[in-house]
Amino acid sequence: MVNQTFCAEAFVALATRQVNDAAQFYEALFDRPPQMFLADRYAEFVLPGLKLALFQPQKQNAEEFANSAGAAMSLCLEVTDLEGAIAHLTQLGYPPPGAIQTASHGREIYAYDPDGNRLILHQGQPPQSVS
C-alpha cells in the first residue's frame, strides 16, 4: 500500500527550454492535446498508466539544466504496432536513427524527442500457445 502522506501520485517530468515545441511533438505523438498547457512554461499529458509533464526550468535552476550531459531518462512506450509507431514518428520528422532490436521480451527501437530525450518504443511478444 502506498503511503499517501508521502506520495499521493508519481509522474514523469521532463525539463525543456522549448515547452511549446515539445508539447506540439507529444500532442502529435499521443494524438491528444495536453490536459493542461501554460505557454512557454508547462504542459501536462495524462495517458493510461502515465502522467507526463513538460516544464521550463526556472532561472535559479538554469545552470543545473545547462550543465547536464544530456537526457539521462528514457520514456518507454508500449506499442501494439511497432512499424506503425515508427512511421508515425517519421511523419512527425523524428525518425528513429537505428534499427529494430529483438530481445526475449519483444522488439524495440530508440527514437528521440526534440530535446534528445530517448523514447523506447517496445512491442511485446505475442503470447505463446500451449499445445
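Just so it is clear, none of the values below were taken in a lab; they were calculated from the coordinates. Because the structure is a prediction, the values reported are computed rather than measured. A quick note on method: Cβ atoms are made from the backbone with ideal geometry, for glycine too, and the neighbour counts reach across all protein chains shown.
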Using the crude model of +1 on Lys and Arg Cβ and -1 on Asp and Glu Cβ, and no other charge, please compute the dipole size for the stretch 71-131 relative to its Cα centre, in debye to 20.
120 debye
Sum of side-chain charges, PRO114 neighbourhood, beta-carbon under 11 Å (Lys, Arg +1; Asp, Glu -1)
-2
Summed side-chain charge close to LEU82 - residues other than LEU82 whose Cβ falls under 13 Å, Lys, Arg +1, Asp, Glu -1:
-3
Scalar couplings 3J(HN,Hα) for the stretch 37-44 by Karplus 6.51 cos²θ - 1.76 cosθ + 1.60 (θ = phi - 60°), nearest whole Hz, x for Gly and Pro, are 8, 10, 3, 6, 10, 7, 9, 9
